[in-house]
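> Quick one: this structure, given as structure tokens, is what I'll be asking you about.
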Amino acid sequence: MDERATSGPEMNHSVGGVDLKQRLARGPRMDPTNLVPYLPRAKWSPGPGDQGWHAMSCQVLKESQKHTRRFPLGVRETCGQEDACGPSPIHLGVTPPRNIHLPRAEYIDWKSLLKVGVMDFITSTAILPLLCGCVGIFSLFKLLQRLRMKAYLRNAVVVITGATSGLGRECAKVFYAAGARLVLCGRNREALDELTRELAASQAAKVQTHSPYTVTFDLTDPGTIVAATAEILQCFGHVDVLINNAGVSYRGAIVDTTMDVDKRVMETNYFGPIALTKALLPSMIQRRQGHVVAISSIQGKISLPFRSAYAASKHATQAFFDCLRAEVEQCGIEVTVISPSYIHTSLSLNAVTADGSRYGVMDEKTAQGRSPVEVARDVLAAVGKRKKDVILADLLPSLAVYLRTLAPGLFFSLMASRARKERKSKTC
Ligand SMILES: NC(=O)c1ccc[n+]([C@@H]2O[C@H](COP(=O)([O-])OP(=O)(O)OC[C@H]3O[C@@H](n4cnc5c(N)ncnc54)[C@H](OP(=O)(O)O)[C@@H]3O)[C@@H](O)[C@H]2O)c1
């Protein structure tokens, strides 16, 4: 037996802060890799306080590092002397005993070797072709999606409400360019005629375009909605896509707002669109084909102070069209709800106030909003891809939607603080 192994109890048993005597008394750690037997106990018995034991552990560690790839778990986990093996033997100034023989063949863990081999193959040989394949499949998928989208909208009868201004007007342009047969709706005949002329003069379309058809009606008047629907169906026989875009905004405190104003906003943003949808739905169900789109708002998901009637009408819109989606899914009818954040349109200028008068102010946030052209393109994409629910907003409003669900208390405090600030700025 090596004389170092006979050291008495008065000797220092600690190496690297570990009591080796205790550790050795516990015996080797039997772990899955089972490398402990490779510690050459037969040829050299470690004694308490023996630096050689540590050195040998480190030798095994060094050997294993050479074979790290064969032993992904490492010898540190198997020799049971992790703490002692921390510093390298060079740092400790210990030379491992010469008689240590570590049979290489016994080190081979075939499962690990196979894993490493496969990983080697993937990283060195297959990674590039795999990457190219993924990019190719993705591009092909996108191309097919675009072709499908174009085919879906070409020659489709698309009804757009509120086509006289803002987002509706831009939607008319992008759907026209996509080759749709447009039915442009609004209250202002002149504005609709002007848009028709503008579309006819545009050269942007790469596909065959169709001269739009115009229909005038007021969404707050159910009688005109029914008449308009009959006119559209008589003219085209069916409707492929209905885009409920028309809407009116509102600014005011609940306490000051008359019920007439609440009703007017609800009629324009909720009852009007659902009346039009209900009027067109039977023909869609009969054909087992159709697509209903609701331009809601981020305020259909979260409510901002001093926008009560607007937020309520958009929440109702979201709820109604979510129900509709579920009910008509089996009839092959698609329903898309689009919730944009601020868009640079005349929405705030045309908003109604607490007493029913026109607000007439371009809000800072609306002025800084997204361009209606961009949003119209997103609407086209959402319809073409038959998306069900789309939020078109920056990070902050999108986060607010999740905050409302996940941390309602915090969201309500933020809204209360916003209300205080807004009230203060009005009184100043
Ligand atoms: N702008 C934004 O920041 C924003 C954000 C989120 C969602 N949205 C939504 O986007 C949609 C379009 O709004 P916009 O931003 O383009 O505003 P806009 O420029 O004011 O356009 C509103 C359109 O709705 C029509 N309309 C209003 N009341 C009507 C009624 N009673 N009957 C029939 N048509 C009526 C208007 O027609 P007239 O020309 O006849 O008034 C106009 O064409 C709205 O649903 C709005 O809620 C807008």
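The values are calculated or read from the model by the stated rules, or taken from the named source; none is laboratory data. Just so you know, these numbers come straight off a predicted model, no measurement behind them. Every residue, glycine among them, receives a Cβ derived from its backbone with ideal geometry; neighbour counts consider all protein chains shown.
> What are the residue pairs meeting all of these: first residue in the stretch 336-362, first residue assigned by TED's automatic domain parsing to the domain that holds Ser303 and without any contact (Cβ under 8 Å) to a residue 12 or more places away in the chain, second residue of a type outside the set (Gly, Ala, Ser) and buried (at least 19 other Cβ atoms within 10 Å of the Cβ), Cβ atoms under 7 Å, and 6 or more apart or on different chains?
Arg358/Val352
> Let me ask something else. Test of understanding: among Asp221, Asp240, which residue is within 15 Å of the ligand (Cβ to nearest atom), at pLDDT 95 or above, of a type outside the set (Val, Ile, Thr) and over 22 Å from Ser297 (Cβ atoms)? Please lay out each step first, then the result.
Working: Asp240 fails: within 15 Å of the ligand (Cβ to nearest atom).
Within the list Asp221, Asp240, the selection yields Asp221.
> The conditions are (1) among the small types (Gly, Ala, Ser); (2) in contact (Cβ under 8 Å) with a residue 40 or more places away in the chain; (3) surrounded by fewer than 24 Cβ atoms within 10 Å (Cβ to Cβ); (4) closer than 19 Å to Ser249 by Cβ, and Ala163 fails exactly one of them. Which is it?
For Ala163, the failing item is (3).
> Of the residues that make up the stretch 331-348, is at least one more than 27 Å from Arg404 (Cβ to Cβ) and touching a Ser or Thr at 6+ places or on another chain (Cβ under 7 Å)?
Yes - at least one qualifying residue is present in the stretch 331-348.
> Does at least one position in the stretch 299-310 carry a residue that is farther than 24 Å from Thr220 by Cβ, buried (at least 17 other Cβ atoms within 10 Å of the Cβ) and among the aliphatic types (A, V, I, L, M)? Break it down stepwise before answering.
Going through the stretch 299-310, the residues farther than 24 Å from Thr220 by Cβ turn out to be 301-302, 305.
Going one step further and asking which of them are buried (at least 17 other Cβ atoms within 10 Å of the Cβ), we end up with 301-302, 305.
Next cut, among the aliphatic types (A, V, I, L, M) only: 302.
Yes, the stretch 299-310 contains at least one residue that is farther than 24 Å from Thr220 by Cβ, buried (at least 17 other Cβ atoms within 10 Å of the Cβ) and among the aliphatic types (A, V, I, L, M).
> Consider Lys206 carefully, then state whether it is under 19 Å from Leu380 (Cα atoms) and either within 16 Å of the ligand (Cβ to nearest atom) or of a type in the set (A, V, I, L, M, F, W, C) (or both).
Values: under 19 Å from Leu380 (Cα atoms): yes; either within 16 Å of the ligand (Cβ to nearest atom) or of a type in the set (A, V, I, L, M, F, W, C) (or both): no.
In short, no.
> Could I ask something else about it? When you go through Ile127, Ile122 one by one, which is the residue that is assigned to a helix (DSSP H, G or I), modelled with pLDDT under 85, in contact with a helix residue (DSSP H, G or I) (Cβ under 8 Å, 6 or more places away or on another chain) and not small (Gly, Ala, Ser)?
Working: Ile127 fails: in contact with a helix residue (DSSP H, G or I) (Cβ under 8 Å, 6 or more places away or on another chain).
After applying the criteria, what remains is Ile122.
> Also, quick follow-up: Taking Arg197 as the residue in question, decide whether it is more than 29 Å from Ser341 (Cα to Cα), basic (Lys, Arg) and at pLDDT 85 or above. Walk me through it before giving the result.
Values: more than 29 Å from Ser341 (Cα to Cα): yes; basic (Lys, Arg): yes; at pLDDT 85 or above: yes.
Answer is yes for this residue.
> Could you check Thr123 against (1) within 18 Å of Ala382 (Cβ to Cβ); (2) not assigned by TED's automatic domain parsing to the domain that holds Ser371 and say which number it fails?
Exception for Thr123: condition (1).
> If we keep just the residues of the stretch 344-376 that are surrounded by fewer than 16 Cβ atoms within 10 Å (Cβ to Cβ) and of a type in the set (Lys, Arg), which is farthest from Ile298 (Cα to Cα)?
Arg358
> Mind counting the residues in the stretch 255-269 that are in a helix (DSSP H, G or I) and either surrounded by fewer than 17 Cβ atoms within 10 Å (Cβ to Cβ) or at positive phi (or both)? Outline the logic, then answer.
If we filter the stretch 255-269 for residues that are in a helix (DSSP H, G or I), which is where we start, we get 255-256, 259-269.
Remaining after also requiring either surrounded by fewer than 17 Cβ atoms within 10 Å (Cβ to Cβ) or at positive phi (or both): 255-256, 259-260, 263.
Summing the residues that are in a helix (DSSP H, G or I) and either surrounded by fewer than 17 Cβ atoms within 10 Å (Cβ to Cβ) or at positive phi (or both) in the stretch 255-269 gives 5.
> Here is a further query. Against the definition (crowded, with 20+ Cβ neighbours inside 10 Å, in contact with a helix residue (DSSP H, G or I) (Cβ under 9 Å, 6 or more places away or on another chain), assigned by TED's automatic domain parsing to the domain that holds Lys387 and within 23 Å of Thr214 (Cβ to Cβ)), how does Gly252 come out, yes or no?
Details: crowded, with 20+ Cβ neighbours inside 10 Å: yes; in contact with a helix residue (DSSP H, G or I) (Cβ under 9 Å, 6 or more places away or on another chain): yes; assigned by TED's automatic domain parsing to the domain that holds Lys387: yes; within 23 Å of Thr214 (Cβ to Cβ): no.
No: the conditions fail for Gly252.
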